[in-house]
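Working notes for the structure below.
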């Protein structure tokens, strides 16, 4: 099975694209809704929560886990890869969303001014800036805008509220004060696809607004083709969904992220 971990429902936007591109792939999804959002938590808490989620998915039989959460990818991925896996699960793998997204976002012939909207923790980590510099040097200019409050509104089903509109307008205005030459912006949080129309509405038509689901799914397909030793350990055609909060009344909201009905199983994550 392929494991997908997110701090809440946002990773379902990535999972939807994965299922679209690899419909027979077995998947297990875990959303840490009880402790969402991660964007305002300190680095050690983010690491520990992510480690617990990853280990839960490993124990479900997943040899490969994708951190669909940008905050977890930015704050916990490298430490998990460099210390946790070698010590405890040397035959397992963890992938994040940052690097494949940067590869897609910045792989252009011309130098560009790019924009990033993300949680406070993602932006503070400068994960996108570091990956951009490592892959493309100083070719591109990057402006990053933290967007506190948006994840909470989306998790509460208030992505079309007046409060969401005010926040998006505030953050897009902040971006535009930095540069009028920005060509593309990334919504670097898996919750933000539900706000894409608002971002598009408040940005000039000349700016392309990108989300991550399709990019990550395409990268996964390429990874599995290059790593048959992982692929052969992933079975087919089953889908399971877990959450760390009570499962009553969450399936409806989760369905908004995924686009089809989702039924969650009981919470089996040990949060001690």
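Every number here is computed from the coordinates shown, using simple stated rules; none is lab data. Remember, it's a predicted structure, so these values are computed and weren't measured experimentally. Heads up, the Cβs are rebuilt from the backbone with ideal geometry, glycines too, and the neighbour counts pull from every protein chain shown.
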Query raised in the report: So for the stretch 6-154: antiparallel DSSP bridges make up what percent, rounded to the nearest 5?
Result: 0
Query raised in the report: How big is the stretch 1-137 on each of its three principal axes, counting only the C-alpha atoms and giving the largest first in Å?
Result: 44, 36, 28
Report summary line: Pseudo-spin-label distance residue 261 to residue 227, built 7 Å along Cα→Cβ, given in nm, is 3.5
Report task. Between 162, 68, 36, find the one with the highest GNM mean-square fluctuation for the chain; connect C-alpha pairs within less than 10 Å. Result -> 162
Query raised in the report: What's the exposure ranking of 135, 2, going from fewest to most Cβ atoms within 10 Å?
Result: 135, 2
Requested in this report: Treating the angle as unsigned and between 0 and 90°, give the value, to the nearest 10°, between the Cα long axis of helix 70-79 and the longest Cα principal axis of the chain.
Outcome: 60
Query - Net length gained if the chain between residue 238 and residue 163 were fully extended (0.36 nm per residue, minus Cα distance) - result: 23.2 nm
Query raised in the report: Based solely on its DSSP helices, what 222 nm [θ] is calculated for the chain when runs of n ≥ 4 H residues each add -39,500 (n - 2.57) and the sum is averaged over all residues, nearest 500 deg cm²/dmol?
Result: -13000 deg cm²/dmol
Query raised in the report: Where does each of 15, 194 land when they are ranked from fewest to most other beta-carbon atoms within 10 angstrom?
Result: 194, 15
Query raised in the report: What ratio of Cα Rg to 2.2 N^0.38 Å holds for the stretch 98-212?
Result: 1.01
Query - Most mobile listed residue (115, 129, 259) in the chain, GNM with C-alpha springs under 10 Å - result: 259
Report task. Sort largest first and round to whole Å: the equivalent ellipsoid semi-axes of the chain, each the square root of five times a Cα gyration tensor eigenvalue. Result -> 28, 22, 17
Query raised in the report: Points 7 angstrom from Cα along the Cβ direction at residue 126 and residue 21: gap in nanometres?
Result: 3.0
Query - Whole-number percent relative contact order across the chain, with pairs defined as alpha carbons under 8 Å at least 6 apart - result: 28
Query raised in the report: Which order results if 136, 9 are arranged by neighbouring Cβ count within 10 Å, fewest first?
Result: 136, 9
Query raised in the report: What percent antiparallel are the DSSP beta bridges of the chain, to the nearest 5?
Result: 5
Requested in this report: Give me the distance in nm between label points sitting 7 Å out from Cα along the Cα-to-Cβ direction at residue 79 and residue 245, one decimal.
Outcome: 2.5
Query raised in the report: Which one of 213, 96, 61 has the biggest mean-square fluctuation once the chain is modelled by GNM with Cα springs under 10 Å?
Result: 61
